[in-house]
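Reading through the structure tokens given below for one structure.
What follows draws every value from the coordinates through simple rules; no lab data is involved. Computed from a predicted model, the values in this text were never measured in an experiment. Positions of Cβ are backbone-derived with ideal geometry, glycine not excepted, and every protein chain shown enters the neighbour counts.
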């Protein structure tokens with residue numbers, strides 16, 4: 001690693017494949033800036049993703065990377081982080097990847113408090129497959145698969161993640177790369193499961209939730225908000241009703257999964273030098 | 001020591017302590033220095049239903065559970081009804097006298113008031129211990145060993161429980177003194193076992209993984225594979241490894257892939273339904289060339305099927321279960337000894353070939369306790385993946401002479417790369433051109449071409465220079481049954497040979513062809529409906545074997561194989 005890393009040093013040299021005006025550029029910029037601010041060694045950074053437009057993120061980063069299966073970035077990253085707690089683990093993906101096909105894994109990332117940073121770019125639509133209704137699409141949205149409008153309520157990712165036990169929960173609008181960077185930086189510094197929800201417009205397929213729309217619904221979390229209070233974080237989301245709070249909602253410190261695992265190994269008297277013959281001898285009749 | 005081979009079968013209701021009783025007999029015999037091979041069936045439900053535990057013990061290596069029993073112990077009338085057809089001359093039955101069985105000629109009957117004695121002791125769950133005492137006295141199973149084992153087994157439940165069980169055992173022992181012993185059904189004097197261990201197939205897989213240097217294990221509960229997780233949850237942390245229970249099988253294989261990418265040896269174990277769920281991620285492992293091992297302890301299928309019963313029906317799923325052109329290396333174990341040593345093999349070849357490996361075991365082997373020689377750790381080779389030597393520019397999927405590209409663990413400077421499920425060039429960048437797909441797909445298949453000759457050759461049972469009228473091909477735990485059938489047939493002068501592949505996929509085609517050249521007729525014996533190995537043989541070789549299948553949730557017996565061979569002569 002260089003003595004001083006610039007944003008360029010975190011770029012892979014592959015140009016993003018996203019459409020012009022895509023919100024994911026803001027998230028990517030936020031990631032670059034956060035990495036610069038923390039001067040993270042690219043060799044110690046692993047970016048894991050699933051499938052979707054935003055899951056292409058790893059290709060654009062200079063780091064170790066895994067571009068895995070639709071919905072499975074969470075558990076892949078969990079295995080990786082547990083196996084190598086010395087690495088910085090960054091998960092990137094979208095609303096369909098994280099909350100539809102991968103929705104069964106989200107509770108476990110939270111409750112286990114896996115020490116990773118999850119940046120979820122939510123465009124309320126399936127972009128890569130050309131505009132189908134997603135788990136966060138607005139109910140009445142007409143789309144590729146909902147020509148008469150949708151019939152299901154959108155999910156509430158922030159509320160879920162708070163409930164699941166994530167220990168750092170934040171939201172930003174992709175158009176504000178500075179805020180994205182600050183919150184992602186906070187997430188990377190945080191010990192535990194950090195969830196950063198980014199409202200990210202899809203100008204190609206989602207004509208409803210445009211950049212202007214997102215700008216109109218966001219509202220800064222007041223400075224007076226107590227980020228250590230789970231109830232207040234939830235209350236804030238409910239209180240705002242049609243608005244979306246942006247900023248840090250909640251942060252707490254709880255033992256992470258790898259810390260708990262290390263304690264467990266210590267309790268078992270574990271070491272690489274532990275004599276395997278002692279285990280074999282237990283099978284003597 | 002004289003030659004002997006005795007089979008005990010204890011049967012009753014699922015809640016009557018059949019398993020405890022069988023475990024104690026097996027352990028006492030093993031401690032006495034006898035060989036052990038156990039077989040059990042039990043209901044899928046937690047309580048109730050028919051349970052059976054068979055202990056075969058002998059002076060020589062045992063390869064299977066045997067045809068039937070020499071000594072039958074029935075704790076209730078239902079278990080008698082199920083087994084009465086096997087009461088042949090020379091056998092003995094010990095039973096609870098609350099029912100009156102028909103005793104065929106030549107069968108020795110030992111009615112025991114198990115229920116009544118238990119009631120007198122004020123401990124109605126003592127029936128199995130009364131039976132154990134009777135069996136100990138009648139057939140010379142070391143009472144000393146049994147009492148020590150019994151005390152050990154129940155010590156966690158407190159001194160009172162231990163004493164109650166010992167009292168019941170003594171009652172049985174005393175009651176049996178009024179009976180006359182059968183000379184042909186006596187175990188020799190107990191000695192002390194040395195250099196031997198006894199464990200189940202599932203425990204042995206856990207032990208093999210530890211020997212291979214497993215770092216990471218993740219699994220989701222499923223019958224009949226869960227004991228592997230139980231074993232590794234207890235022992236892997238001692239070796240500073242990580243064992244985690246995932247939220248589902250998709251997550252467990254995903255965690256394994258993440259840990260493997262991170263540079264660690266990683267494994268999961270499941271049964272058929274879990275293997276189905278893991279299919280997509282196994283395709284990713286193949287495409288991204290990430291080592292991974294999945295142990296599939298097969299059970300009766302399809303769907304939920306027969307969760308506790310025996311079947312070898314996941315072979316095609318293991319071999320062909322991926323979408324796209326993808327391979328899995330498939331190994332299958334015959335017995336508990338294989339469970340130790342081939343789990344090492346599985347982890348070794350996964351690392352060596354950077355390819356997913358499915359290790360097939362089965363339900364009867366999972367729960368079968370067998371005595372095996374103490375593993376000689378110095379002689380077991382443990383293989384590490386090929387890692388980048390830091391020379392030149394790193395390319396994750398670099399074309400090499402043997403098509404195996406060096407890996408680089410995260411943290412290695414100047415080797416940042418991507419593991420991807422997209423088709424990619426040598427540097428990992430996505431590329432969908434015809435040239436790239438053709439070239440990289442060929443690379444992924446070509447690297448496996450050396451495996452059939454690298455891996456140990458399939459065993460030929462019989463005189464490999466001679467000719468045979470019948471050649472029997474078997475895989476998995478069926479091999480042990482075929483071994484005994486072939487030995488019996490050859491003792492009669494019948495010209496029959498066996499062929500036992502342990503590497504199932506990619507196939508050792510030349511070896512199949514060579515074996516076929518020695519045999520006039522080939523038969524493949526396997527416990528599934530479709531004749532799955534026979535199907536693969538027809539697809540991959542020039543051979544057209546006869547398929548002999550069984551699909552009833554139970555393994556073959558040696559007698560069944562013998563009969564089929566005779567029919568084919």
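Could you tell me how many degrees, from 0 to 90 and to the nearest 10, lie between the Cα long axis of helix B:159-175 and the main elongation axis, the longest principal axis, of the Cα atoms of chain B?
Tilt of helix B:159-175: around 60 degrees.
First check a/c for the stretch B:217-312, with a ≥ b ≥ c the square roots of the eigenvalues of its C-alpha gyration tensor; if it is under 1.5, answer rounded, and if not, answer prolate when a/b is larger than b/c or oblate otherwise.
Values: a/c = 2.37, a/b = 1.27, b/c = 1.88.
Taking the square roots of the gyration eigenvalues as a ≥ b ≥ c, the stretch B:217-312 is oblate.
Just the Kirkwood number for the stretch B:338-389, please: inverse of mean 1/r across all distinct Cα pairs, in Å, one decimal. Each step should come with its number before you reach the end.
Working: mean 1/r = 0.0774 Å⁻¹.
One over the average 1/r among Cα pairs gives 12.9 Å for the stretch B:338-389.
Work out the P(r) tail for the protein assembly as shown: percent of alpha carbon pairs separated by more than 42 Å, whole number. Mind showing how you got there, number by number?
Numbers: 152062 of 364231 pairs.
Here the tail beyond 42 Å accounts for 42 percent of pairs.
With just the Cα atoms defining each centre, how far is the stretch A:184-263 from the stretch B:347-376? Give it in Å.
When both Cα centres are located, 46 Å separates them.
Expressed as a whole number of Å, what is the distance separating the alpha-carbon centroids of the stretch A:31-55 and the stretch A:140-163?
28 Å
Using Cα pairs under 8 angstrom and six or more residues apart, how large is the relative contact order of the stretch B:176-288, in percent?
Values: 125 pairs, mean separation 30.4, N = 113.
It rounds to 27 percent for the stretch B:176-288.
Using 5 Å bins from zero, what percent of all Cα-Cα pairs in the stretch B:1-116 falls into each bin?
2, 12, 22, 23, 20, 14, 6, 1, 0
Describe numerically, in nm with one decimal, the distance between label points set 7 Å from Cα along Cα→Cβ at residue B:120 and at residue A:163.
6.2 nm
By how many degrees, between 0 and 90 and to the nearest 10, does the Cα long axis of helix A:73-83 differ from the longest principal axis of chain A?
30 degrees
So what is the relative contact order for the stretch B:28-68, in percent, with contacts set as C-alpha pairs under 8 Å and at least six apart? Before the final figure, lay out each step's value.
On the way: 53 pairs, mean separation 16.7, N = 41.
Relative contact order, the stretch B:28-68: 41 percent.
What percent does the relative contact order of chain A come to when contacts are Cα pairs within less than 8 Å and at least six residues apart?
On the way: 587 pairs, mean separation 51.1, N = 285.
Computed over chain A, the figure is 18 percent.
Provide the gained length on full extension for the span residue B:160 to residue B:320, in nm with one decimal, where the gain is 0.36 nm per separating residue minus the Cα-Cα distance.
On the way: separation 160, 0.36 × 160 = 57.60 nm, distance 5.49 nm.
Here the segment from residue B:160 to residue B:320 would lengthen by 52.1 nm.
Expressed in nm to one decimal, what extension gain is obtained for the pair residue A:29 and residue A:228 from 0.36 nm per residue of sequence separation less their Cα-Cα distance?
On the way: separation 199, 0.36 × 199 = 71.64 nm, distance 2.79 nm.
In short, 68.9 nm is gained.
Between residue A:217 and residue B:457, how many nm apart are label points set 7 Å from Cα along the C-beta direction?
Going by the 7 Å Cα→Cβ label model, 7.0 nm.
How big, in percent, is the set of alpha carbon pairs in the stretch B:340-444 lying more than 18 Å apart?
Values: 3393 of 5460 pairs.
Summing the P(r) tail past 18 Å for the stretch B:340-444 gives 62 percent.
How far is it, in nm, from the label point at residue B:178 to the one at residue B:529 when both lie 7 Å from their Cα along the line to the Cβ?
It is 5.2 nm.
Going by alpha carbons, how many degrees (0 to 90, nearest 10) lie between the helix axis of B:558-568 and the longest principal axis of chain B?
70 degrees
Can you give the FRET efficiency to the nearest 0.05 for residue B:85 and residue B:488, using r as the Cβ-Cβ distance and R₀ = 30 Å?
Working: r = 21 Å, r/R0 = 0.71.
About 0.90, to the nearest 0.05.
At each listed q (0.07 Å⁻¹), what is the log10 of I(q)/I(0) that the Debye formula gives for chain A modelled as equal alpha-carbon point scatterers?
-0.27
Please find the FRET efficiency linking residue B:46 to residue B:99, where r is the Cβ-Cβ separation and R0 is fixed at 30 Å, and quote it to the nearest 0.05.
Values: r = 26 Å, r/R0 = 0.86.
Here the calculated transfer efficiency is 0.70.
If you find the alpha carbon centre of the stretch B:255-317 and of the stretch B:464-520, how far apart are they in angstrom?
Here the two parts' Cα centres lie 28 Å apart.
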